[in-house]
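Since the structure comes first, as structure tokens, the remarks are kept for the end.
Here, each number is a calculation from the coordinates, and none is a lab measurement. Keep in mind that what you see is a predicted model, and the values were worked out from it rather than measured. Using ideal geometry, Cβ is built from the backbone for each residue, glycine included, and neighbour counts are taken over all protein chains shown.
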Amino acid sequence: MSAPLLLRIAVPVPLRRSFDYLPPVDLPPAEITCLQPGTLVEIPFGNRQLIGVLLAVVSDSEIVSTKLKAATRLVDPSPAFSAEVQELVVWAANYYQCAMGEALSTALPALLRQGAPLVQPAEPHYQLTHEGKGLPEGALRRAPKQAAVITLLQQCSSLSQSEMRLNAVTPAILKSLQEKGLIRQGTPAPQPEDKARPILREQPMVATAEQQQALDQIATEGFQVSLLDGTTGSGKTEIYLQTIEKVLEKGLQALVLVPEIGLTPQTISRFTRRFAVPVVALHSGLSDRERLDAWLDARSGKARIVIGTRSAVFTPLATPGIIIIDEEHDASFKQQDGFRYSARDIAVMRASKLQIPLLLGSATPSLETLGNAMNGRYQHLRLTQRAGNAQAPTIHLVDLCGKTLHEGFARETLDAIQEQIHSGNQVLVFLNRRGFAPALQCHDCGWLANCNHCDARMTLHHHPKHLHCHHCGHQRAVLRRCPQCQGQQLQPLGQGTERSEIALQSCFPDTRVIRIDRDSTRRKGAMENLLDEIQRGDPCILIGTQMLAKGHHFPNVTLVVILDADAGLFSTDFRGPERMGQLLLQVAGRAGRAEKPGQVIMQSHHTDHPLVQTLMYEGYHALATLILQERQITQMPPFRHLALLRAESKRPELASAFLQLAREMAENHTGMSPAIEFLGPLPALMEKRGDRYRYLLQFSSQQRKPLQHLLATLALQLEQHALGKRVRWSLDVDPCEM
Ligand code: ADP
Ligand code: ZN
Ligand code: ZN
């Protein structure tokens, strides 16, 4: 008798190995041999039931089969992962040193991780009734949102609930129309042949000469990476749209990745306004069911355009045609815990395996990407002019040294704000610190309110009044007396958005001041309401954090004020200056996006700092070149590859002993890789955070291969070592923060 067939399964646990199971008892042998990798299997693991991913059907195991447990059931007989996506995730798990089962699980929609089957319940569709079809023009003049739905259904004849949602149609609007007897729920109209369906809903813009040149060079088949390097408002999105159109014409799908805070209704509607094909957006506002449906639509090929944030890079696609990454420099493309992958770098691998083009767009490309464009590995496409009628903003530096400030504002800054408000325009004030003040200090003795759990100051908040640690979430009441000297003069130190909001409101009592930060937009729908108000265009002052910096289109903002340009300048993280340059330019890019010319004011105490000077007078590319030269001299990425082994524990000596052990183990291996250098164990930038002491060990190498090899060996050894079970540790390959 031949050996029984076994299922080799990746289980979602942080162990770098697979597990073998006997097939479910009720599964006929003929079906076992037909099982494909990527099939989801429910299995007993310890005393839990987990959903694992089938890696292979095998006939021998290191463990005798009588000791093996049987899998409980197949979640679904067809595989959840295509071979392509499964290989991609496995590659990424190896590259980022994550346990394969965890990585595969991360790449699945939540419902599949919980064992839901791979089928979609029928979704309600909406169609015009006889009355709806015969509705005279202008009949719904008093209800423009309802009228828009009628127009939409005249164009598309039938739309699903999720398509309605993408077009910003709420259930309430649908209900009113149903009650009026103008629309009804029904089965979807039979779809005409794909080819015959129109792709476009609105005509593309006539490309500018620069746009046309870029469009001509972007391939629509075969592997090619292009950097679309264009200032804010230069028409990059229009290029994405026109490139996607070509891909759709071939009957293929487009995958578009955007930063976490970039997937706004505004962004989505640019796609749904342009294209008549099904679009799905994978954003955090979806329920698990909606997310799974969108994922299944991408997988079946029904969705022709898939827009999503980081994890969407793993979306299965039936007919992949192109991948586009907007704002490719954005830090949110790198996951900062668990499976620490970079969606941008994975997209390069995916596009190359699929032999399709990848388009990376940014006004402030990352140094990695810029380096690759400069050395010719990526095609470098430049857009230097703003599209349409918009002009590039003028930038003024305001030297704060020695000046009397009013709550952080220089007189000339306030005058400039006054002037714009007076002319009926909007002003955006950028300050990347929420709360009232970043610290509370005793004026008598200098004592500062620190977090008891972190090496950090507590931020003072006024709404509601309390002290808050932004690193561990710890909160406490505001003290009345200084615990050190009993003094009563406790004073806020520095500026946060709440404080600037109050200051602005007192300077401009008749002007609406809108604060946008994590606190003011916490309630569901709050952000949309504020954005709607801004879009209406009345004069107002916006004060906010980096939530305002990206993605949004504020046509009436004519002045952008950067209250504290120095914040990133002296960061200890080697990426600080790059980040600072990117953020400042992204914010500045919000000025003068439409007909009106824009102006930017940057307040700084270090106007003569070379980085500030270069950024101001020569622009981002000069700054990037300068930083790249520095990185070459100091041998930092992209000139050397970095990896970090992080360890944290409530007992500092355990974490550092663990890293010391790791370093010794690594040095024992470096016979095979002498090119690897070690640094550490070192304390992390914030040594204590949330009561845990954090240390790191840095590896660097000129070549990826030996480093990869070392990390893989080391991870397995550490996983099995007793000390590895007593500290919380993780590997971070190509880290984005220290
Ligand atoms: P980016 O993505 O680079 O910030 P967008 O594609 O959003 O730029 O374009 C900025 C503005 O210019 C938008 O309002 C857009 O409608 C407009 N625009 C883009 N391309 C053209 C064009 N070829 N002709 C006229 N207007 C354009
Ligand atoms: Zn004191
Ligand atoms: Zn804290």
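E407 label point, 7 Å along Cα→Cβ, cut-off 20 Å on backbone N: hits in the stretch 454-479? Residues 459-468 qualify, since their backbone N sits under 20 Å from the label point. A cut-off under 14 angstrom between Cβ atoms defines the neighbours of V513, and their net charge, with Lys, Arg +1 and Asp, Glu -1, is -4.
Translational diffusion of the stretch 193-350, estimated by Stokes-Einstein from the Kirkwood radius over alpha carbon pairs at 37 °C in a medium of 0.692 mPa s, is 204 µm² per second.
Averaging the Cα positions of each part gives two centres, and for the stretch 93-170 and the stretch 389-436 these lie 42 Å apart.
Once you reduce the stretch 459-475 and the stretch 628-666 to the center of their Cα atoms, the two points are 32 Å from each other.
The trypsin sites (Lys or Arg not before Pro) found in the stretch 347-405 that occupy coil by DSSP, while having at most 16 further C-beta atoms within 10 Å, are R377, K403. Here the ratio of the Cα radius of gyration of the stretch 38-79 to 2.2 N^0.38 Å is 1.21. Computed over the stretch 653-705, the alpha-carbon pair-distance distribution with 5 angstrom bins reads 5, 19, 26, 20, 14, 10, 6, 1, each value a whole percent. Look at the dipole of the chain built from charges on Cβ: of L104, G402, F314, the Cα furthest out on the positive end belongs to L104.
Would you kindly give the portion of the calculated P(r) for the stretch 315-445 that falls above 24 Å, as a percent of all Cα pairs? Value for the stretch 315-445: 59 percent of Cα pairs lie more than 24 Å apart.
Among the trypsin sites (Lys or Arg not before Pro) found in the stretch 20-119, those both in a DSSP coil and sparsely packed, with 13 or fewer other Cβ atoms within 10 Å of their Cβ, are K69.
Taking the Cβ-Cβ separation of R184 and A318 as r and a Förster radius of 30 Å, what is the calculated FRET efficiency to the nearest 0.05? Taking R0 as 30 Å, the efficiency between R184 and A318 is 0.45. Residue separation of V206 and N375 scaled by 0.36 nm, minus their Cα-Cα distance, works out to 57.6 nm of gained length. Entry note, the chain: relative contact order of 11 percent, from Cα contacts under 8 Å with a spacing of 6+ residues. How much of the pair distance distribution for the stretch 69-119 lies past 16 Å, counting alpha-carbon pairs only, in percent? Roughly 47 percent, rounded to a whole number. When Rg and the Kirkwood Rh are both derived from Cα coordinates, the Rg/Rh ratio for the chain amounts to 0.98.
Over the stretch 616-713, the reciprocal of the mean inverse Cα-Cα separation, the Kirkwood hydrodynamic radius, stands at 15.1 Å. Out of every Cα-Cα pair that the stretch 271-370 contains, those further apart than 20 angstrom amount to 42 percent. Sorted into 10 angstrom bins from 0, the C-alpha pair distances of the stretch 401-468 split as 16, 31, 32, 16, 4 percent. In vacuum, with every alpha carbon of the stretch 1-124 counted as one equal point scatterer, what does the Debye formula give for log10 I(q)/I(0) at q = 0.19 Å⁻¹? Two decimals, please. Each listed q maps to, in turn, -1.04. Among the trypsin sites (Lys or Arg not before Pro) in the stretch 496-548, those located in a DSSP loop and surrounded by at most 10 other Cβ atoms within 10 Å of their own Cβ are R522, R523, K524. Dividing the Cα radius of gyration of the stretch 573-622 by its Kirkwood radius returns 1.00 for Rg/Rh. With N as its number of residues, the stretch 212-275 has a Cα radius of gyration that, divided by 2.2 N^0.38 Å, comes to 1.15. For the residue pairs K175/K302; K246/K334; K145/K175; K236/K596; K236/K353, the alpha carbons lie more than 22 Å apart in K175/K302; K246/K334; K236/K353. Considering only C-alpha atoms, what is the centroid distance from the stretch 566-599 to the stretch 36-78, in Å? That distance is 51 Å. When the Cα positions of L358, Q224, M547 are compared along the charge dipole of the chain, M547 comes out farthest toward the positive end, with charges on each C-beta of Lys, Arg, Asp and Glu. Taking 7 Å steps out from each Cα toward its Cβ at R512 and A722 produces label points 6.6 nm apart.
For a straight C-alpha distance cut-off of 18 angstrom, no lysines are reachable from K67 once same-chain residues fewer than eight places away are disregarded. Summed over all non-identical Cα pairs, the Kirkwood treatment of the stretch 128-177 gives a radius of 11.1 Å. Under the convention that each Lys and Arg Cβ holds +1 and each Asp and Glu Cβ holds -1, the size of the dipole of the stretch 197-352 around its Cα centre is about 480 debye. Between the beta carbons of E618 and C445, assuming R0 = 45 Å, the FRET efficiency works out to 0.45 to the nearest 0.05.
Here the simple spin-label model places points 7 Å from the Cα toward Cβ, and for D337 and S65 these points are separated by 4.3 nm.
Computed over the alpha-carbon pairs of the stretch 356-414, the distance histogram in 5 Å steps reads 4, 12, 16, 12, 10, 11, 12, 11, 8, 4, 1, 0 percent, short to long. Take the alpha carbon gyration tensor of the stretch 396-545, find the square roots of its eigenvalues, order them as a ≥ b ≥ c, and report rounded if a/c is under 1.5; if not, report prolate when a/b exceeds b/c, else oblate. It comes out oblate by the Cα gyration axes.
The alpha carbon radius of gyration of the stretch 548-658, expressed as a multiple of 2.2 N^0.38 Å, is 1.39.
Working from label points 7 Å from Cα in the Cα-to-Cβ sense, the D532 to S157 distance is 3.3 nm.
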